[in-house]
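Take a look at the structure below.
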Amino acid sequence: MKLLVYHTPERTPQDSLPDCAVVIDVLRATTTIATALNAGAEAVQAFSDIDILMQESEKWLPDKRLRAGERGGEKVPGFDLGNSPLDCVPQMVVGKRLFLTTTNGTRALQRVELAPTVITASQINRQAVVDYLLQKQPETVWLVGSGWQGTYSVEDTACAGAIADSIIEQGKLSLEAIAGNDEVIGAYSLYAQWQNDLLDMFKKCSHGQRLLGLDCHEDLEYCAQTDIIDVLPIQKEPGVLVIEH
Ligand code: MLT
């Protein structure tokens, strides 16, 4: 298994796809996806375009759907939910499909949606992702950070490093054995630096600052926790994520 880290979807090669793509948007889309599925949502269907989300969700009965998402971190007007994982409680989501659009995470999903396997990772479900990769041993794995409008987001790369760190430890592998590009070494080193203080990193980084400005302190605290949810979101058809059993 070779891991390749890409800081943003724009950095991924345009002419190829990996055996397994791991999409990462720690703040907050992939944390929200894992939380919603863990709380009993039937599926999460991701859209980068709000108009297409409206058309598709219209085909579902109102009591079976939730429209969720943000632009610039703020809830899309008229939607049921924003993009806070803390809103994804069982009373709200059980048995419903979340139609989700976000500024960056859903774009990253779209970039790799044709890969044979697409899963999502965040700090809260890191171990479930590592277990899956160690068990399935895909030959090439892309760890794709969502970034912010084409630029790098440090928290996504730190999560990629957390995945690499755990694969090295549990798979008894060396960094050079799994690193398919130098970004893996960078991500691994970044995680080593911040692993005991992820919340502090989130408070310093640009999207963390943006979310603090929107009063989302509790979201940052929640997203900074490691391995608290044993759920693996996996794509069953382009854009539609369910729990892998
Ligand atoms: C995104 O996709 O850009 C993020 O999830 C934004 C957010 O924090 O809501």
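None of the figures in this text is laboratory data; all of them are computed from the coordinates on show. This structure is a prediction, so every number in the text was calculated from the model and none was measured. We place every Cβ from the backbone using ideal geometry, glycine too, and count neighbours over all the protein chains shown.
Assorted remarks:
- Highest mobility in the GNM of the chain, judged by mean-square fluctuation with C-alpha springs under 10 Å and restricted to LEU173, LEU17, LEU53, is found for LEU173.
- The string of couplings for region 88-100 from the Karplus curve (6.51, -1.76, 1.60, θ = phi - 60°) is 8, 8, x, 3, 8, 10, 3, x, 10, 9, 8, 8, 10 Hz, one whole number per residue in order, with x for Gly and Pro.
- 3J(HN,Hα) from dihedral phi, region 171-182, Karplus parametrisation 6.51/-1.76/1.60, rounded to Hz, x for glycine, proline: x, 6, 10, 9, 4, 5, 6, 9, 6, x, 8, 5
- Put simply, the amide H of ARG71, placed in the peptide plane, has neighbours under 5 Å in VAL76, leaving out anything fewer than 5 places away on its chain.
- For the chain, the share of DSSP beta bridges that are antiparallel, to the nearest 5, is 25%.
- Placed amide H near LYS2: partners under 5 Å, 5+ positions off or other chain: THR140, VAL141
- Using a Förster distance of 35 Å, the FRET efficiency for ALA192-ASP49 (Cβ separation, nearest 0.05): 0.35
- Pairwise FRET efficiency - ASP215 versus GLU176, Cβ, R0 = 51 Å, nearest 0.05: 0.70
- Label-to-label distance, ILE185 versus GLU169, with points set 7 angstrom from Cα along the beta-carbon direction: 2.2 nm.
- Projected label distance in nm at LEU86 and GLU244, using a 7 Å step from Cα toward the beta-carbon: 3.0 nm
- Considering only region 3-117, percent of DSSP beta bridges that pair antiparallel, nearest 5: 15 percent
- Residues in region 146-155 carry Karplus couplings, in order, of 8, x, 9, 6, x, 9, 6, 10, 4, 5 Hz; the curve used is 6.51 cos²θ - 1.76 cosθ + 1.60 with θ = phi - 60°, and Gly or Pro positions show x.
- Prolate/oblate/rounded label for region 110-167 (Cα gyration tensor, a/c 1.5): oblate
- Candidate lysines - alpha carbon under 29 Å from LYS96, same-chain residues fewer than 8 apart omitted: LYS59, LYS64, LYS75, LYS236
- Residues with amide H under 5 Å from that of ILE124, placed H, sequence gap 5 or more: ASP227
- Taking GLY145, GLY171, GLY73 in turn, the Gaussian network model of the chain (Cα-Cα springs below 10 Å) assigns the largest fluctuation to GLY171.
- Projecting label points 7 angstrom from Cα along Cα→Cβ for GLU58 and ASP19 puts them 4.3 nm apart.
- Just so you know, the Rg over Rh for the chain is 0.94, from Cα atoms, with Rh as the Kirkwood radius.
- Of all the options LYS203, LYS96, LYS136, the one that moves most in a Gaussian network model of the chain with Cα springs shorter than 10 angstrom is LYS136.
- Label-zone membership for region 174-204, site THR140, 7 angstrom Cα→C-beta point, backbone N under 15 Å: 179-182
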